[in-house]
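**Q** I have a structure I would like to understand better, so I am pasting it below and will then ask my questions one at a time.
The values are calculated or read from the model by the stated rules, or taken from the named source; none is laboratory data. Given the structure is predicted, the values throughout are model-derived calculations rather than measurements. Every residue, glycine as well, gets a Cβ built from its backbone with ideal geometry; the counts of neighbours run over all protein chains shown. Accessible surface is based on the protein model in full, side chains and every heavy atom, while ligands, DNA and RNA are left aside. Shrake-Rupley method; radii C 1.70, N 1.55, O 1.52, S 1.80 Å.
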Amino acid sequence: MKVLVIGSGGREHALLWALKKSPTLTKLYVTPGRPAMENFGVLVNINIQDSVDVTQFCKKENIELVIIGPEQPIINGLADDLAAEGINVFAPSQAAAKLEASKSFTKELCKQYGIPTAKYERFIDERLAKNFVRSNKIKFPLVIKANGIAAGKGVIICHTENEAFSAIDSMLVEKNLGESGEEIIIEEFLIGEEVSFFALIDGLKVVTLGCAKDYKRVGENNEGQNTGGMGSYSSPSIISKEMEQKIIQKIIYPTIQALTNMGTSYKGVLFAGLMICKDSPKLLEYNVRFGDPEIQSILPRLDPNCDLLKLMLSVAEGKLNTKMVEFNHKTTVCVVVASKGYPGDYQKGEVIKGLDKIENIPGVLVFHAGTKLDENGNWISDGGRVLNIVGEGNTVEEAKSKVYSALNFLEWSVKEVMSTSVTVAYGDGIGPEIMEAVLSILREAKAEISIDIIEIGECVYSKEWSHGISPSGWESIERTKILLKSPTTTPQGKGHKSLNVALRKNLGLYANIRPCISYHPVIENKFDKFDVVVIRENEEDVYTGIEHRLTGDSYQCTKIITRSGSEKICRYAFEYAKKHNRKKVTCLTKDNIMKMTDGAFHAAFDRIAKEYPDIKAEHYIVDIGMARVATEPENFDVIVTENLYGDILSDIVAQTSGSVGLAGSSNIGNEYAMFEAVHGSAPDIAGKNIANPSGLLNAAVHMLVYIGQVSTAKLIYDAWLKTLEDGVHTADLYKEKKSKQKVGTKEFAKAVIDNLGKKPTTLSELIISSDSDSKINKVQDNYEQDYKVKKLVGSDITLAWDKSNNFDQIVRLFESSNLKMIAIYSKGLAIWPGGSKSSSDQIICRFIANNEITNSDVNNLLIKFEEHNFDVVRMDKLYLYDGKEGFFS
Ligand code: NAD
């Protein structure tokens, strides 16, 4: 079969690559094409704006199928003209293409046919549009869209009235988008997960051709202009079989029906831009062609037995077989390599080397989007989006790292610095409002981050995801490795598990860091000066959640402290002190009581401290230590402690600085990091625009330091201090005499934005050395055995005790055993030998061996208890480590 493909981008290069595999293909033409496409097809020069030219070529060359890549020729009606001449064409008619050409048309169609989409209004008059924005009928952030196509420039997310008004002026008054912007749509900003969904339609029947997630924004803060697309991956896990059915039933079929009722039909690929909100898909927009760069990650996943050419022909002929599409189980990631400056002005003609090396890497594909050859046969850049590198793997992470390692081979004189991807979770309670405020400040400060929003908290628990986070949420965190998180609500004493604990454990976030500072005299507190950083171990202690109801009356929580975990957190604390020019690290434990667990932590601290002779090390018993921190915080610098003590201490210190709403915290692991405010979701003040966003803002400042954007961190922190100094305070800090203005969450953020670039006069600026110096290197788990011989010497066996039996019965039972019962304890108190009474419904019988024993000797104790109807609820073995007891006495 002879085929003509129209287009010249990465999308068409990927299509040619896939079509070339078809056994039925005899000749492939492409117009206008690019030199890199010559591997697959013959480049022909036809004027694609002129359908007569295209039709004549097809007739002359006996073309049996025309595939139109870009939208413009489709919207111009090329498919209609080819079909009128009896030529098979894979693309919809001009009438059906209104789905892409006019957003108003699609929105009205959705309204009429009950297709789920964002709430909206249409406007051609600037004053009416602004009045509507003012009316607050649609809350901020809201979205302003040009009705017509605008090459990725027609959608503006507006966070403030000013932003909305300038978008309206740009489109309706200044006519910057020409005809496309003569009508606009103002619609609700949907929160959820965005996916691109592709349906092949032969007029009637529908087959899914996969889905992908695409990433459109370039540059800073996920706010830089929309581009044609900077990357994609396939397939997002949120699109399950059930979700696919929902999309087809609720969105695709009603659309086909609507078109049929209008007297037209749809043939080709329908690309639905969807937002998956909780469990429901909502339509954002339609496109009438393949997505670029989505299709570059979808096509490599097609099963080798799936003949794309046959499939496309069957669409054109109205003979789609619904069983024709199969995918492999791999994940693919496509990264777009763009010219520096894109989507604004950029240089062309830069020499690109190393592509041959990349093409030879197994599981990596290169599609050209904007290249040509120079006179010396070098590839040179010839567009904004230049290359698409696609990697394959078992997970998104694997596929992505394949692409990035391939990119190391790319030699290009101008390499664009990419912004850091960050996962953002709005949480619940005051979470969404403080997150909005913080993101607006990050945006204005030009933080170079691109954000991926995920859902967490209450709305997610109500589904089957008991950790309070969806699989796609995990996927996002796995990809970005950085989470900026608003608080979530956790019920006390019952109900679902704590999301925070799940995150810390699953992501290996072993260190929690909370710096707390006195903002005296700006914010009143009892202390003039303190600057304390609490570093808390985050994975062990009683927070492992290992709890049991041992008997009717007793509950037990297991405290786990490891030597390696303790060394790791203590080393982190000293490294932190070193990087931040701190002079002292204080350790708090309760090793006078818990000699083994807390003793191990203290010993680890002492060992590590020796490696940092320039930093003072001291230790306090936790009770007096906390009392001192609470009364003389100025005498402390960095404090390192166990999980539970640290949890309590960090709130004490945070509160000491004036409000729990001020402090931020970092949770750091070797691979992942999470940043959040220290306070909770404050349901008592949620939704009232009165919460203080400072805690989360400080967390975001820590995040910027972590990712090496120290100057932006300083810029924001200084502006925030200046705002506090100006007396602009939220309700939690407001004092009639000291403060000047009581403001809400949004107004506080606005004041910080207005202060960007200004320095505080009284309070101290953020002092951090240089960008590269700020990050603490990986601190490894370093377990070194500290003994030579471990010897089993006995067992502690815990019995449920009904108090009716007397102890002699047990003593007699084991008289002839080689393990002698030497003591009985109740809640740690020795009650036998001697006359003390048991005060609980569980007792521990301690057995110690007279000679060498094995595990079966211990097991025989259990069997004997069992035979005599004692209720054993727990057993611990007793060992000597190089002769030293590994158990309490
Ligand atoms: P909280 O920190 O939410 O509130 C304590 C008090 O401080 C409240 O009076 C509140 O109004 C006030 N407050 C908190 N943050 C404030 C802010 N930014 N601005 C002004 N005032 C603020 O603690 P809580 O009431 O014990 O807990 C509420 C919920 O939050 C619970 O479900 C708890 O489990 C959860 N929680 C979540 C996190 C987290 O997600 N990181 C942390 C702690 C508590």
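**Q** In the chain, what % of DSSP beta bridges are antiparallel (nearest 5)?
**A** 70 percent
**Q** Starting from the Cα-Cα distance between residue 623 and residue 555, subtract it from 0.36 nm times their residue separation and give me the gain in nm to one decimal.
**A** Full extension from residue 623 to residue 555 adds 22.1 nm.
**Q** Under the Kirkwood approximation for Rh and a Cα-based Rg, what ratio Rg/Rh is obtained for segment 49-92?
**A** 0.91
**Q** What does the helix-only formula give at 222 nm for the chain: each DSSP H stretch with n ≥ 4 adding -39500 (n - 2.57), the total divided by the residues, and the result rounded to the nearest 500 deg cm²/dmol?
**A** Rounded to the nearest 500, the figure is -8500 deg cm²/dmol.
**Q** Excluding ligands, DNA and RNA, what is the solvent-accessible area per residue of segment 828-889 at a probe of 1.4 Å, expressed in Å²?
**A** Heavy-atom SASA per residue in segment 828-889 reads 59 Å².
**Q** Continuing with this model, one more query. Over segment 116-257, with every protein chain in place, what whole percent of the accessible area is carbon and sulfur at 1.4 Å, could you tell me?
**A** For segment 116-257, the apolar C and S fraction of the accessible surface comes to 50 percent.
**Q** With a ≥ b ≥ c taken as the square roots of the eigenvalues of the C-alpha gyration tensor of segment 288-430, please select rounded if a/c is under 1.5 and otherwise prolate if a/b is larger than b/c or oblate if it is not?
**A** oblate
**Q** Between residue 240 and residue 829, what length in nm is gained on full extension when 0.36 nm per residue of separation is reduced by their alpha carbon distance?
**A** 206.3 nm
**Q** Can you compute the charge dipole magnitude of the chain about its Cα centre, using +1 on each Lys and Arg Cβ and -1 on each Asp and Glu Cβ, nothing else charged? Give it in debye, rounded to the nearest 20.
**A** Using only the charged Cβ atoms, the result is roughly 380 debye.
**Q** So, one more: According to the square roots a ≥ b ≥ c of the eigenvalues of the Cα gyration tensor, what is the shape class of segment 282-327, taking rounded for a/c under 1.5, prolate for a/b larger than b/c otherwise, and oblate for the remainder?
**A** oblate
**Q** Given points 7 Å out from each Cα along the Cα-Cβ axis, report the residue 395 to residue 411 separation in nanometres with one decimal.
**A** Between residue 395 and residue 411, the label points sit 3.5 nm apart.
**Q** Between residue 38 and residue 778, how high is the FRET efficiency from 1/(1 + (r/R0)^6) when r is the Cβ-Cβ distance and R₀ = 41 Å? Nearest 0.05.
**A** Step by step, r from the Cβ atoms, then E = 0.30.
**Q** Of 402/446; 578/790; 213/759; 485/742; 616/714, which pairs sit farther than 32 Å apart, going by alpha carbon to alpha carbon?
**A** 578/790; 213/759
**Q** Shifting gears a bit: Check each of the GluC sites (Glu not before Pro) in segment 518-586 and keep only those in coil by DSSP with at most 14 other C-beta atoms within 10 angstrom; list them in order.
**A** Taking segment 518-586 and a limit of 14 other Cβ atoms within 10 Å, the loop GluC sites (Glu not before Pro) found are 524.
**Q** Under a 1.4 Å probe, what is the accessible area of segment 118-195 per residue, stated in Å²?
**A** Solvent-accessible surface per residue comes out at 48 Å².
**Q** Of 832, 861, 844, which is farthest along the charge dipole of segment 829-871 in the positive direction, counting Lys and Arg as +1 and Asp and Glu as -1 at C-beta?
**A** It is 832, whose Cα lies furthest towards the positive end.
**Q** With the cut-off at 1.5 for a/c, could you classify segment 521-587 from its C-alpha gyration tensor as rounded, prolate or oblate?
**A** Because a/c hits 1.5 or more and a/b fails to exceed b/c, segment 521-587 counts as oblate.
**Q** How high is the relative contact order of the chain, given as a whole-number percent (alpha carbon pairs under 8 Å, six or more residues apart)?
**A** Across the chain, relative contact order equals 8 percent.
**Q** Let me ask you something else. So if we plug the beta-carbon distance of residue 374 and residue 305 into 1/(1 + (r/R0)^6) with R0 = 56 Å, what FRET efficiency do we get, rounded to 0.05?
**A** Efficiency computed from Cβ-Cβ geometry: 0.90.
**Q** Among 401, 327, 384, whose Cα lies farthest out toward the positive end of the dipole of segment 305-448, if unit charges sit on the beta carbon of Lys, Arg (+1) and Asp, Glu (-1)?
**A** Ranked along the dipole, the leading option is 327.
**Q** Show the residues, 5+ positions off or on another chain, whose built amide H is closer than 5 Å to the amide H of residue 337.
**A** 386, 387, 388, 389
**Q** Can you tally the net charge around residue 378? Count Lys and Arg as +1, Asp and Glu as -1, for every other residue whose Cβ sits under 13 Å from the Cβ of residue 378.
**A** Spelling it out: positives minus negatives among the neighbours equals -4.
**Q** If you fit an axis through the alpha-carbon atoms of helix 10-19 and take the longest principal axis of the Cα set of the chain, what angle between them do you get, 0 to 90°, nearest 10?
**A** Approximately 80 degrees, to the nearest ten.
**Q** Relative to the longest principal axis of the C-alpha atoms of the chain, give the angle of the C-alpha long axis of helix 643-656, reported between 0 and 90° and rounded to the nearest 10°.
**A** That helix lies at roughly 80 degrees to the long axis.
**Q** I'd like the carbon and sulfur percentage of the solvent accessible area for segment 784-861, probe radius 1.4 Å, heavy atoms only, ligands and nucleic acids excluded.
**A** Using a 1.4 Å probe with all protein chains present, segment 784-861 comes out at 47 percent carbon and sulfur.
**Q** For residue 788, give me every one of the lysines with a C-alpha distance below 16 angstrom, ignoring sequence neighbours fewer than eight places off in its own chain.
**A** Within the straight-line cut-off, residue 788 pairs with 884.
**Q** Rounded to the nearest whole Å², what accessible area per residue is found for segment 336-449 with the 1.4 Å probe?
**A** 41 Å²
**Q** Something else about it: Stretched out fully, how many nm does the piece from residue 614 to residue 528 gain, at 0.36 nm a residue minus the Cα gap?
**A** Going from the current span to full extension adds 28.3 nm.
**Q** Which residue, 191, 276, 641, has the largest displacement toward the positive end of the dipole of the chain when charges sit on each Cβ (Lys, Arg +1; Asp, Glu -1)?
**A** Value: 641.
**Q** Report Rg (one decimal) and Dmax (nearest whole number) for the chain, counting Cα atoms only, units Å.
**A** Just the Cα atoms of the chain yield Rg and Dmax of 33.1, 110 Å.
**Q** Holding the Cα-Cα limit at 18 Å, pick out from 139/688; 27/310; 20/330; 216/750 the pairs that are longer than that.
**A** Among 139/688; 27/310; 20/330; 216/750, the Cα-Cα distance tops 18 Å for 20/330; 216/750.
**Q** Hey, what angle do you get for helix 51-61 against the long axis of the chain, alpha-carbon based, 0 to 90 degrees rounded to 10?
**A** 90 degrees
**Q** In nm, to one decimal, how far is the modelled label at residue 764 from the one at residue 852, with both set 7 Å along Cα→Cβ?
**A** Each label point lies 7 Å from its Cα, and together they span 6.3 nm.
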